[in-house]
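Novice: I'd like to ask you about the structure that follows.
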Ligand SMILES: Nc1ncnc2c1ncn2[C@@H]1O[C@H](COP(=O)(O)OP(=O)(O)OP(=O)(O)O)[C@@H](O)[C@H]1O
Ligand SMILES: [Mg+2]
């Protein structure tokens, strides 16, 4: 595979503090989150060890993206605490100490900037190196994700999968200590999904980057994960290694991991009946 | 568009802005920024009126500076005047607070002073003259209006009668006519008889026509009648002229603002009038002729009507009209 | 009650945003390119409409003044009326109103869409505060551009008045006497006064629109609502502030 993005700058020191960057851990302690009276997360507790790859799975709408917002410091949980490397992620000084990369589910690219500028924004704003070294770094990240040709394009000219890749590349350029991925492979072909898995694994192995991956992709989860959690309706229902999960007998988990495709399911019958009614 | 072009446009735009500010400044302030060399002089007045910072300082109507600030200095008001540096003010020049209009602002007017005297230095105090306040003028005008009214009142009472002195001209005329009806009638009868006699061709007519003495006497009487009539006409004309002046306002009032001579004049003519009417009352000399003159009566009546109207007008609007007239004169 | 609370919330967040943005002022030299871009958008591209509008405001002023002053023979004062009202009130006011409509709406829309599509969140995670990257350059740009726009509005408006004064038959006073009256009664300090006003209005419009944009919550539909709110609030603030600023500066 391609070299990972950060190979150009081995295990670097934090450009802001000058301290050697070491892997950071995350603690999520009994957090709940309510939106207008609707409880989205209910008493979720787990931790991510430094340098670990933690995969969070769960059905759509179970609260995975909301969980990532709490961990990345975008919102405060209604109750409970989140700490990243022992600090409150919402505080600005935490952000100066710990570089957190977040790959948004929808990409969240800067629409007014070209792909190149999207990637170059972080190093420019934080003055990590001259334009030449920034350029090298950015082009490297683009190459890893096969995006060289898109450097001059604007987000509106990209396909869904390309946006996702640009978003990942943008986070890589940050040389993060903690990576949070929200569905990194949801819009990608199998080859590109494999590349993403390799990137996550390389970051962990060579740079001890801690990763928290939210995904529906069972293959991805079971191959790269050190530990897997399953979130259902805002509650963490299991927590264990990939093997634990595979051998689990909990019907909810078995059903979630091995969905039976049943086109004779009664709900489709109902739909057909409705169609007949209307016609 | 590339960034360089954008930067260039912003730069151009900004420079345009600066240039326009500059142009505005140059046009509106005559470029004082490079010539801030102005000097200040101090003018103390008992009353600064509504003079305020920023008001003009004029010399012969030309702006030579502005009021920098106004402040109290002991028991007087002090205006600090900023005078353009190229203007020299003679040390005996005087400053007055003047009005630029009845409702307009005030300005400081500086006299020329004597040429050749050394100019006032920076910070020097200029001599000042207090100018009459508009309010004072207004108060004087109010008093004037009253005076005018009272004198016109006596004027009208001369015409219309004052019960204490036995009535005005008209009443007196009336009285005379009534009192002498018998005699007038008798005279008329006599005349009739004479005419009849003449008509009849009696000897008397020959005698009358042939007697030069009698003839002369008759002529003299006619002359006397004539002169009395013209005298009366002149008097009425005089009264008319006074009234006309009062009505037009300007001349008489203009004078009245500064002295009371005109009012005295009016009083004097009223006194004349009274003398005449008294004479008439006493039945002096020209009585018969006066009564027989219709034209005099008519013109006297017309004049009275006019005077009445003028008086009415003055009564109605009183001082306001006076102020109006003065205001007209001021603008 | 809820309304009052939300108004107070708005005021509070505006003040917070202001303090934050100002505290990033030292980073302005580094953001020079962004500053220039905002100057371009706020100043350069707004100039044509400002010119057109103030020209016609000047003409209407002169026309109305000519019409009403003709009655008592004060037509010579048209210049002073147009000059003063343009410089002290209508120049800054109309420029700010246009700014609210043209720039305020654009700012709100841009920041609201960045918020709704999580771009602002992405910036936050990258430790690039929105106040520094998005708000500060705009505030700096408006401070620099507003006087330029105002002086253009003034001068164009004055010329508009001069054209009417000269060529409309029932007004018909010469340009010389128009400008003589204008120059006699309009002082440079009136122009400066107008610019101070304009600075306040422009700054507030940009700040408030930034804040409304950044506090948008919900989906794309809210972008439209935010733009409407931004413009309406800006206009109200301009008018309300006009009174107070006028009083303070008097
Ligand atoms: N800002 C918000 N306001 C109100 N409700 C919200 C908000 N964000 C999320 N929710 C609700 O929280 C629940 C969880 O949403 P979330 O986006 O975390 O789901 P998810 O697990 O990421 O689903 P998916 O796999 O489809 O991305 C949903 O029911 C959603 O309606
Ligand atoms: Mg999600």
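Read-outs throughout are calculated quantities, based only on the coordinates presented, and are distinct from any laboratory measurement. None of these values were measured; they are calculated from a predicted model. Methodologically, a virtual Cβ is constructed for each residue, glycine included, from the backbone with ideal geometry; neighbour enumeration extends over all protein chains shown.
Novice: Can you sort C:95, C:186, B:40, A:249 so the residue with the fewest Cβ neighbours within 10 Å comes first? Each step should come with its number before you reach the end.
Specialist: Details: C:95 30, C:186 27, B:40 14, A:249 6.
Placing the least packed residue first, the sequence is A:249, B:40, C:186, C:95.
Novice: Work out, step by step, the length gained on full extension between residue B:220 and residue B:175: first 0.36 nm times the residue separation, then minus their alpha carbon distance; give nm to one decimal. Intermediate values should be presented prior to the final figure.
Specialist: Values: separation 45, 0.36 × 45 = 16.20 nm, distance 2.73 nm.
Result: 13.5 nm gained on full extension.
Novice: OK, next. Mean residue ellipticity at 222 nm from the helices of chain A, using -39,500 (n - 2.57) per DSSP H segment of n ≥ 4 over the full residue count, to the nearest 500 deg cm²/dmol?
Specialist: So the helix-based figure for chain A works out to -11000 deg cm²/dmol.
Novice: Show me A:83-90, C:64-71, A:138-145 ranked by packing, highest mean number of other Cβ atoms within 10 Å first. List each step's numbers first, then the result.
Specialist: Numbers: A:83-90: 17.5, C:64-71: 15.4, A:138-145: 21.8.
Listed from highest to lowest mean packing, they are A:138-145, A:83-90, C:64-71.
Novice: Just tell me how shielded C:37-44 is by partners: mean number of partner chain Cβ atoms within 10 Å of each residue's Cβ, no decimals. Don't jump to the answer; show the numbers that get you there.
Specialist: Working: counts 5, 1, 7, 9, 2, 1, 6, 7.
Per residue, the average neighbour count from other chains is 5.
Novice: Right, something else. Could you let me know the centre-to-centre spacing of the range C:207-250 and the range A:97-121, using Cα atoms, in angstrom?
Specialist: 29 Å
Novice: Let a ≥ b ≥ c be the square roots of the eigenvalues of the Cα gyration tensor of chain C; is it rounded (a/c under 1.5), or, if not, prolate (a/b larger than b/c) or oblate? Don't jump to the answer; show the numbers that get you there.
Specialist: Details: a/c = 2.56, a/b = 2.26, b/c = 1.13.
Because a/c hits 1.5 or more and a/b exceeds b/c, chain C counts as prolate.
Novice: Taking Cα centroids, how far is the range C:160-180 from the range A:244-269 in Å?
Specialist: 87 Å
Novice: Now for a separate question. If R0 is 56 Å, what FRET efficiency do you get for residue A:159 and residue B:49 from their C-beta distance, rounded to 0.05?
Specialist: Values: r = 81 Å, r/R0 = 1.45.
E between residue A:159 and residue B:49, to the nearest 0.05, is 0.10.
Novice: Averaged over B:20-27, how many beta carbons belonging to a partner chain fall within 10 Å of each residue's beta carbon? Don't skip to the end; give the middle numbers.
Specialist: On the way: counts 9, 11, 1, 2, 10, 4, 1, 7.
Across the residues of B:20-27, the mean count of other-chain Cβ atoms within 10 Å is 6.
Novice: Can you tell me how much longer the chain between residue C:11 and residue C:192 gets when fully stretched, taken as 0.36 nm per residue apart minus their C-alpha distance, in nm with one decimal? Display every interim value, and only then the final one.
Specialist: Numbers: separation 181, 0.36 × 181 = 65.16 nm, distance 2.83 nm.
Once the chain is fully extended between residue C:11 and residue C:192, it gains 62.3 nm.
Novice: Could you work out the mean count of beta carbons from other protein chains within 10 Å of each residue's beta carbon in C:124-135?
Specialist: Numbers: counts 7, 17, 14, 13, 6, 3, 0, 0, 1, 2, 0, 0.
For this peptide, the per-residue mean of nearby foreign Cβ atoms is 5.
Novice: Could you put C:175, A:193 in order, starting from the residue whose Cβ has the fewest other Cβ atoms within 10 Å?
Specialist: Details: C:175 14, A:193 19.
The fewest-first ordering by Cβ neighbours comes to C:175, A:193.
Novice: Which value in nm describes the separation of the simple spin-label points at residue A:132 and residue B:92, placed 7 Å from the Cα toward the beta carbon?
Specialist: 8.6 nm
Novice: Tell me whether the range C:134-250 comes out rounded, prolate or oblate; compute the Cα gyration tensor, take square roots of the eigenvalues as a ≥ b ≥ c, and use a/c under 1.5 as the rounded threshold.
Specialist: On the way: a/c = 2.91, a/b = 2.19, b/c = 1.33.
It comes out prolate by the Cα gyration axes.
Novice: For the range A:153-279, rounded, prolate or oblate, judged on the Cα gyration tensor with a ≥ b ≥ c (square roots of eigenvalues), a/c < 1.5 rounded, else prolate if a/b > b/c?
Specialist: Numbers: a/c = 2.79, a/b = 1.39, b/c = 2.01.
It is oblate, given that a/c is not under 1.5 and a/b is not larger than b/c.
Novice: If you build a Gaussian network model of chain A, linking Cα atoms that sit under 10 Å apart, which residue out of A:98, A:191, A:173 swings the most?
Specialist: A:191
Novice: Determine, for C:243, A:181, A:96, the number of other Cβ atoms within 10 Å of each Cβ, and report the residues in order from fewest to most.
Specialist: Details: C:243 9, A:181 28, A:96 13.
The most exposed by this proxy come first: C:243, A:96, A:181.
Novice: Could you list the residues of the range C:35-63 with an amide nitrogen less than 18 Å from a label point located 7 Å from the Cα of residue B:4 in the Cα-to-C-beta direction?
Specialist: C:36-37
Novice: Let's test the formula: R0 of 30 Å, r as the Cβ-Cβ distance of residue C:163 and residue B:63. What FRET efficiency results, to the nearest 0.05? Write out the running numbers ahead of the final one.
Specialist: On the way: r = 28 Å, r/R0 = 0.94.
Efficiency at R0 = 30 Å is approximately 0.60.
Novice: For a protection proxy built on the mean count of beta-carbon atoms within 10 angstrom, sort A:45-52, C:161-168 highest first, please. Walk me through the numbers on the way to the answer.
Specialist: Values: A:45-52: 17.0, C:161-168: 20.9.
Order by mean packing, descending: C:161-168, A:45-52.
Novice: What FRET efficiency, computed as 1/(1 + (r/R0)^6) with R0 = 56 Å and r the Cβ-Cβ distance, is obtained for residue C:25 and residue B:238, rounded to the nearest 0.05? Mind showing how you got there, number by number?
Specialist: On the way: r = 89 Å, r/R0 = 1.59.
Computed FRET efficiency for residue C:25 and residue B:238 comes out at 0.05.
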